[in-house]
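The values are calculated or read from the model by the stated rules, or taken from the named source; none is laboratory data. Source: prediction; values computed, not measured. Glycine also receives a Cβ, built like all others from the backbone with ideal geometry; neighbour counts cover every protein chain displayed.
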Amino acid sequence: LRATIWGCRGSLAAPGPETVAYGGNTSCVELELADGSVVVLDAGTGIRALGLEMAKRPPAPIHLCLTHLHLDHLEGLGFFLPLWTQGAELHIWGPASAIESLDNRIARYMSPPLFPVQLSEVPSQITFHDVSDEEWRLGSARVLAEAVAHRGPTVGYRFEEGDVSLAYIPDHEPYLGEDEPASLDPAWLSGYGVAREATVLMHDAQYFDEEYAERMGWGHSSFSHAVEFARAARVGELVLFHHDPLHTDADLRRLEAQARRQWPSADPAPRLAREGMQLELGTDADDDLSGPAVSGFEPSLTPP
Amino acid sequence: LSGVEHRAHKNLVLILAREFASKLATPVFLTDEAGTLVYLNEAAERMAGRTFAEIGEIPAEEWSEFFQIRELDGTPIPLERLPGGIALLERRPAHHTLAVTGVDGRRRELSITAFPLLAHRDELVGVVGIYWEADGGSG
């Protein structure tokens, strides 16, 4: 199981000289499964460069798993090259809503006046799926999606292959209104089932603690809450995700340092997601219990 | 999933309802989809005569061990005719004024309103009940 981060910024894309180290693109993570299947987590602006990369590969079905439909997780979809490729097979998964179907909700964004072309005009073959309440399979992975605390219908995903697992909860406020997070029974902890004992957890850590105090209820976590959640779920490694668009690279390094000071064990310490980061889970037959291997690459800068 | 029991935690709607209730001075109780009492907020604990931490979760069939619930004239009320039971079984709001004797032995006349919690696809995940003393008190 290989995860490649194509975007880890939250709320709004934030390109510029002060964000080059961690990147300015919004949420998008590519998963390559053991059987070669490709899963894309979220369609933030990072998906644009991923689509260009995919165009170089042999055609294959693509599974796009959306955690929710806030724009920073959806706005890249209209610029995802496979969407505009005749015959490309695209499966879009997302949280169910009691009000409207997934395709109708996505079509609100992909239609005038917000977007020049309508969803019904794209040449690819798109199938929409409400995520199941039960686990299901995508390629060689077992998948679990559960509703998590964030404004509007939102899910977190867990992918398992063999003994390794990746939990992805980029937008999450598990301790909303909770005065003593460390004392909360996990049975009452949003996202626990997705994250429990995951090899790697990518989790919302948008705010410094002092910022969270002024943004409580907006659906995101402080880094302290991310650390506490990871501790409660006993994850192997925490990757801090969904960086605030106002945070510079220097701010983020400071946030990472503070998170590491709160981490209960020395190894592996929490670290910041950054564009180009690759995490290899379960590359050894016995699994690398010291943590996933990491490498980097340069995302394509070619415009579509 | 290996190592993960499905539903390792309560349904998110219940989690949010509990968080909301915990901040209210209005007495609130929560049940899950099976009718098990899963939460009483601090104000509601007065009716039980003990804290929720002391009594813990109570399956529907064991409610009568903790609470004697009757009509104001003393007639017993079956669980399915209680506001919580109606909300659970008929999936509609219900309201009634009745007499409740808690673990502390004190009889209280309470007005109770209960309503079902329906998640997406009309999935019943539990019931919320609020109540207040029929004489205008707060439980």
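Quick notes on this structure:
- B:Ala8 meets the conditions (1) in contact with a helix residue (DSSP H, G or I) (Cβ under 7 Å, 6 or more places away or on another chain); (2) within 14 Å of chain A (Cβ to nearest Cβ); (3) not in a loop (DSSP other than H, G, I, E, B) in every case but one. The failed one is (3).
- Leading residue by the ranking (surrounded by the fewest Cβ atoms within 10 Å (Cβ to Cβ)) among those in segment A:197-242 that are closer than 20 Å to A:Leu279 by Cα and in contact with a Gly (Cβ under 6 Å, 6 or more places away or on another chain): A:Glu197
- Number of the exception - A:Val194 against (1) within 9 Å of another protein chain (Cβ to nearest Cβ); (2) within 19 Å of the chain's Cα centre (by Cα); (3) on the phi > 0 side of the Ramachandran plot: (3)
- Selection within segment B:21-39 - outside any strand (DSSP E or B) and at pLDDT 90 or above: B:Ala21, B:Thr26, B:Pro27, B:Glu33, B:Ala34, B:Gly35, B:Thr36
- Restricting A:Glu134, A:Glu89, A:Glu75 to residues that are modelled with pLDDT under 95 and over 15 Å from A:Gly191 (Cβ atoms) narrows the list to A:Glu134.
- Check on B:Ala87, crowded, with 20+ Cβ neighbours inside 10 Å, in contact with a Phe, Trp or Tyr (Cβ under 6 Å, 6 or more places away or on another chain) and touching a residue at least 40 places away in the same chain (Cβ under 8 Å): yes
- A:Gln258, sole failed condition from (1) part of a loop (DSSP other than H, G, I, E, B); (2) at pLDDT 95 or above; (3) polar (S, T, N, Q): (1)
- Criterion: acidic (Asp, Glu) and either free of Cβ contacts under 8 Å to residues at least 12 places away in the same chain or surrounded by fewer than 23 Cβ atoms within 10 Å (Cβ to Cβ) (or both) - qualifying residue of A:Asp42, A:Asp35: A:Asp35
- Residue within segment B:20-31 that is within 15 Å of the chain's Cα centre (by Cα), away from chain A (no Cβ under 14 Å) and under 28 Å from A:Ala195 (Cα atoms) present: yes
- So B:Leu79, is it within 14 Å of B:Glu33 (Cα to Cα), of a type outside the set (S, T, N, Q) and surrounded by 13 or more Cβ atoms within 10 Å (Cβ to Cβ): no
- Elements of type strands (runs of 3 or more DSSP E) contained in segment A:58-158, each with 1 or more residues being touching a residue at least 24 places away in the same chain (Cβ under 8 Å) and away from chain B (no Cβ under 14 Å): A:62-65, A:89-94, A:125-130
- For segment A:162-191, a tally of residues being surrounded by fewer than 24 Cβ atoms within 10 Å (Cβ to Cβ), aliphatic (A, V, I, L, M) and either more than 10 Å from every other protein chain (Cβ to nearest Cβ) or part of a loop (DSSP other than H, G, I, E, B) (or both) returns 4.
- Some residue of segment B:51-61 being more than 14 Å from chain A (Cβ to nearest Cβ), on the phi < 0 side of the Ramachandran plot, part of a helix (DSSP H, G or I) and among the small types (Gly, Ala, Ser): yes
A quick yes/no check of all residues on (1) in a strand (DSSP E or B); (2) within 14 Å of another protein chain (Cβ to nearest Cβ); (3) in contact with a helix residue (DSSP H, G or I) (Cβ under 7 Å, 6 or more places away or on another chain); (4) of a type in the set (Phe, Trp, Tyr):
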| residue | (1), (2), (3), (4) |
| --- | --- |
| B:Leu88 | no, no, no, no |
| B:Ala114 | yes, no, yes, no |
| B:Val125 | yes, yes, yes, no |
| B:Val128 | yes, no, yes, no |
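- Residue in segment A:212-224 that is nearest to A:Ser27 (Cα to Cα), counting only those that are of a type outside the set (D, E, K, R) and away from chain B (no Cβ under 14 Å): A:His220
- When restricted to residues that are closer than 23 Å to A:Arg142 by Cα, aliphatic (A, V, I, L, M) and away from chain B (no Cβ under 12 Å), segment A:197-211 contains 3.
- Residue count, segment B:45-58 (criterion: touching a residue at least 12 places away in the same chain (Cβ under 8 Å) and either farther than 21 Å from B:Leu98 by Cα or in contact with a helix residue (DSSP H, G or I) (Cβ under 8 Å, 6 or more places away or on another chain) (or both)): 5
- Residues of segment B:93-105 that are closer than 17 Å to B:Phe29 by Cβ, at pLDDT below 95 and part of a loop (DSSP other than H, G, I, E, B): B:Gly102, B:Val103, B:Asp104.
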